[in-house]
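K.L.:
Supplied in structure tokens, the structure appears directly below.
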């Protein structure tokens, strides 16, 4: 019988019958660059840590298990993972990418991939007919769902039917929900991307990225590329991410509970124009989320009625931190205009609704009463009360 995901976060079933590593409950850190050979033409299975390292391999097997993939690869950051993934494509290839994406992905596509001869079409995949944008040279569709930061939701299964019909790849960045809440491979995706820095690590203390696939041909290509380019995650960072994953379930549940309460509170504030959270029934993607995910996540975006209110909130929060990133135990608030999406062309920001009044919040696992108390105090100060 298949195990539940909370258990899979803690136990790697395929290794349970072995008593290696002196019985250590916590998987050891193999801080070694190279490995001795027992004889000529013989290997322990590990030769050089750019190729593979036992600690990294254990983490990769764990992430593959969580996403129900056949292979996962751990990288030094989420962007390192996406950069390597783009090596699947050659000059003249065309990709359809979601219009609302993390700014770092857009920067990579616009300033590196295009220079290398890759063509892109930016499409609102949650509402447009993606099939209409497919060309003879189209090789993949790349999406986030929910998107960063406007929380648009795309029907993965429906989109996968289109990509499979046209024999192109479907790539899904699953960072916002993590494998605890959503498994795109089960819905027809070919590749899943994660910034492991976020929910998988969960403590804002290390960088990591992952590519997961359920296709042997893609796995083989990724393995060749990672050993050739050398972007694999270092052993100590692998240990930190592995440790973070053990509490993924309890963290995601608690953070989501807090996010729901904060989103409800924000909706009642007179200086808030709009709250975007996919757990609200009025969200256009609510029914899709119920169908394809096990939760709504802990990310939310809200728009203030004035730019001055947004700036003042950022400058007055104390326990809640004004900082980049997301997915950690601490609640963070971000200004997409000048942080995560600063490099996105202005017309695209405006098209996506990213204005100077928009703030993004990654809700942590603090006691929600303390979070609401701080928000009440900050909003009162902003109003001049």
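The values are calculated or read from the model by the stated rules, or taken from the named source; none is laboratory data. These figures come from a predicted structure and were not determined experimentally. Here Cβ is always computed from backbone atoms with ideal geometry, including for glycine, and neighbour counts include all displayed protein chains.
K.L.:
Taking only segment 1-44 into account, find how many residues are outside any loop (DSSP other than H, G, I, E, B), within 23 Å of residue 180 (Cα to Cα) and at pLDDT 90 or above.
P.N.:
4
K.L.:
Just the residues that are closer than 24 Å to residue 252 by Cα and free of Cβ contacts under 8 Å to residues at least 24 places away in the same chain, please, taken from segment 324-357.
P.N.:
Correct list: 324 only.
K.L.:
Starting from residues that are touching a residue at least 60 places away in the same chain (Cβ under 8 Å) and closer than 29 Å to residue 253 by Cβ, keep the ones in segment 206-229 and report whichever is surrounded by the most Cβ atoms within 10 Å (Cβ to Cβ).
P.N.:
Here the answer is 212.
K.L.:
Just to be sure I understand, how many residues within segment 59-103 are closer than 19 Å to residue 207 by Cα and assigned to a strand (DSSP E or B)?
P.N.:
So the count comes out to 4.
K.L.:
Check 183, 167 and return the single one that is surrounded by fewer than 22 Cβ atoms within 10 Å (Cβ to Cβ) and more than 22 Å from residue 336 (Cα to Cα).
P.N.:
That would be 167, the only listed residue that is surrounded by fewer than 22 Cβ atoms within 10 Å (Cβ to Cβ) and more than 22 Å from residue 336 (Cα to Cα).
K.L.:
Within the bounds of segment 49-72, is there any residue that is assigned by TED's automatic domain parsing to the domain that holds residue 110, more than 30 Å from residue 181 (Cβ to Cβ), in contact (Cβ under 8 Å) with a residue 12 or more places away in the chain and more than 25 Å from the chain's Cα centre (by Cα)?
P.N.:
Yes, some residue in segment 49-72 is assigned by TED's automatic domain parsing to the domain that holds residue 110, more than 30 Å from residue 181 (Cβ to Cβ), in contact (Cβ under 8 Å) with a residue 12 or more places away in the chain and more than 25 Å from the chain's Cα centre (by Cα).
K.L.:
Taking the residues in segment 213-265 that are outside any helix (DSSP H, G or I) and closer than 25 Å to residue 186 by Cα as candidates, determine which candidate is farthest from the chain's Cα centre (by Cα).
P.N.:
In the first step, residues of segment 213-265 are kept if they are outside any helix (DSSP H, G or I); the result is 213-215, 230-234, 247.
Keeping just the survivors that are closer than 25 Å to residue 186 by Cα gives 213-215, 247.
Values: 213: 15, 214: 18, 215: 20, 247: 17 Å.
Filtering first and then ranking leaves 215.
K.L.:
For residues that are in a helix (DSSP H, G or I) and either free of Cβ contacts under 8 Å to residues at least 24 places away in the same chain or under 18 Å from residue 85 (Cβ atoms) (or both), tally how many sit in segment 141-158.
P.N.:
2
K.L.:
Of the numbered conditions (1) farther than 23 Å from residue 106 by Cα; (2) out of contact with any helix residue (DSSP H, G or I) (no Cβ under 9 Å at 6 or more places or on another chain); (3) in a loop (DSSP other than H, G, I, E, B), residue 311 fails exactly one; give the number of that condition.
P.N.:
That leaves (3) as the condition not met.
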